[in-house]
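The values are calculated or read from the model by the stated rules, or taken from the named source; none is laboratory data. The structure displayed is predicted, hence computed values, not measured ones. Don't worry about glycine lacking a Cβ; one is built from the backbone with ideal geometry, like all the others, and counts go over all protein chains shown. Just so you know, the surface numbers come from the protein's heavy atoms only, side chains and all, with ligands and any DNA or RNA stripped out. Shrake-Rupley method; radii C 1.70, N 1.55, O 1.52, S 1.80 Å.
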Amino acid sequence: MSFKDLGLSEPLLKAISKKGYTTPSPIQEKAIPPVLEGRDVLASAQTGTGKTAGFTLPLLHYLSENPKTKFRPIRALILTPTRELAAQVHQSVMDYSEFLDIRSAVIFGGVNQKPQAATIRRGVDILVATPGRLLDLHNQNLLSLKRVEVFILDEADRMLDMGFLRDIEKVMSVMPAKRQNLMFSATFSKDIKKLANGILNNPVQVEATPENTTVEAISQKVYRVAKGKKPDLLIKLISEGNWKQALVFCRTKHGANKLTKKLISSGISAAAIHGNKSQGARTKALEGFKSGKVRVMVATDIAARGLDIPLLPHVVNFELPNISEDYVHRIGRTGRAGADGKAISLVSADETTYLRDIEKLIGEKIEVEIVEGFEPDPNASTEPIKQGQGRQGGGNRNRNSGPRNSGGNSGGNRSSSNRSSSNSSNSRRRNDRRN
Ligand code: AMP
C-alpha cells in the first residue's frame, strides 16, 4: 500500500515525499480511507504511530478538494489536551499543507492572545487549539465555530484525565450539529466510550496496535532499588551506559525539579518539563532536548504527553505511574519507527503494587535486575505511595479499561447530532492553569 493508493492528491503526495515517508503506517492505512469518505472515525492510536498524519492528510485532502469562500471561516477544529501537542500537530498541518492553499493556526494558553486573535481574524481553514484558550477567545467573540465541518479530538483519554469533559461539551455546543467527527485515544475506558457515543455518529473503528500492549521493539527492565538511592542509580546508568539521551518520568513536579537539579550537579545536562513551567520554559526545554544540547529531560506525565521526540533511545520511569496505562504511554516514547528502545523502571518497595498492576495490564513479566550497592531496602514498607499526591490537575482518573467495541460499518455522511451543551466556569479556570 502506498500513499498514492490511498487516493491522496498530488500536492499532499509531494509534501509526504518531502517529509521522507515512503509507506503509510498501519493507522494511516486504516484511518485515511474512511476519513476521506466523510465517515466519523474512532481510532485507537498512541503518539508515535503516525496518527497525526492519519487525520491531517485526509482532512487537507477534503478541504482543498472542496474549497469554500474567499472569506475563510474555521472549517476544521483540532482539539488537543496540551500546548506542546497543539504546537506539534500544527507543525504537521503546516508541513503537509505546504503545497496547498490552506491556512492554519494554533492557539493555546500561557501566551499573549492578541497575535492568535489577529491570525484568526485574517481567516484560517484549520484551527488547532487547547480547550481553555479556544473557549476564552470564543467567549470574547474573537472566533466562531459555526462553520466547522470537521472536528478532531486528539488524545481524548488525556483530555478526560485533565478534566476537559465540560469544555469539550461546550465546544461541541457551539459547532454545527452536521459535521464529521474524528476521535483519537490511546486507551479506551468506559468514560472514553461514553464520550465517543456523545460525539461520534456511527463511527468506523480503527486501531494501530492492540489495546494496552507494549511495543515489541522496546526492551523493558526493572531495577529494584532503595527509594533514596534512585537518583544515584540513575546517574550511574546514564554515565556508565554512556546514554546519549533519556526521557525520565517523575510522578510529581517537585520530584522532577529535584531530580533535574541533582543531575545537573552531577554534570549531566538536564531540563524539567511540567505544568508549572511557563510556556517559554517548556518550549526551551523541549528544543534543547530535541537539538541534543540537553541530555536528560525530566517530565511529568501530563507535560510529556504528545511530545514528538523521534528515535528516543531511553525512557526511564524514575517512579512508576499509579495509573498502569500511563506506563504504556510513557514507554511508547521509545522504539519508534522500528528503532530499538530501552524502557527502564526504578522500582522501590512502595511501588510493588504498581508494578504488579502494570505487568497484569501488559500481560508480561518485566525482567528484574539489582545493581550492587543499590540494593532495595529489605525493611521498607510495600504500602503504596498515597494515590493522587502531586498529580498534575487531579482530574477524573477513572480509567477502568473495558472491552473494545467492534467496528461499526454503516451510514453517516459528515453529520452528527449535537447532544451536549453544558458550560462550566470552574473547568475554565482549571484549564487556564493547565493549558
Ligand atoms: P505521531 O504518532 O503522529 O506523533 O507521529 C510520530 C512520528 O512518525 C512523527 O515524527 C512523524 O513525522 C512520523 N511519521 C508519520 N507518518 C509516517 C510514515 N508514514 N512514515 C514514517 N514516519 C512517519
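Which trypsin sites (Lys or Arg not before Pro) does region 123-179 hold that lie in a coil by DSSP with at most 10 other beta carbons within 10 Å?
Working: sites: Arg133, Lys146, Arg147, Arg158, Arg166, Lys170, Lys178, Arg179; in loops: Lys146, Arg147, Lys178, Arg179.
Those satisfying the criteria are Lys146.
3J(HN,Hα) along region 353-368: 5, 4, 4, 4, 4, 5, 4, 5, 5, 8, x, 8, 8, 8, 4, 10 Hz, from the Karplus curve 6.51 cos²θ - 1.76 cosθ + 1.60 with θ = phi - 60°, whole Hz, x for Gly and Pro.
What separates the Cα centres of region 1-74 and region 134-153 is a distance of 22 Å. Over 26 Å apart at the Cα level, from the set Lys68/Lys146; Lys190/Lys258; Lys114/Lys178; Lys221/Lys360; Lys30/Lys178; Lys227/Lys284, are Lys190/Lys258; Lys114/Lys178; Lys227/Lys284.
With both bridge residues required to lie in region 218-369, what share of the DSSP beta bridges run antiparallel, to the nearest 5%? List each step's numbers first, then the result.
On the way: 0 of 27 bridges.
Given both bridge residues lie in region 218-369, the antiparallel proportion sits at roughly 0 percent.
Surface composition of region 1-67: carbon and sulfur atoms hold 50% of the protein heavy-atom accessible area at a 1.4 Å probe.
Accessible area per residue for region 218-369, computed on protein heavy atoms with a 1.4 Å probe, is 38 Å². Sparsely packed loop sites in region 15-98 (the trypsin sites (Lys or Arg not before Pro) outside DSSP H, G, I, E and B with at most 12 other Cβ atoms within 10 Å) comprise Lys68, Lys70. Taking chymotrypsin sites (Phe, Trp or Tyr not before Pro) across region 23-103, the ones in a DSSP loop with at most 11 further Cβ atoms lying within 10 angstrom of their Cβ are Phe71. As a fraction of the 1.4 Å probe accessible area of region 218-369, surface on carbon and sulfur atoms comes out at 51 percent. Would region 218-369 count as rounded, prolate or oblate if I go by the C-alpha gyration tensor, calling it rounded below 1.5 in a/c and otherwise prolate when a/b exceeds b/c, oblate otherwise? Judged from the Cα gyration tensor, region 218-369 comes out rounded (a/c under 1.5). Nearest 0.05, what FRET efficiency do Lys293 and Glu10 give at R0 = 41 Å with Cβ-Cβ as r? That pair, Lys293 with Glu10, gives E of 0.60.
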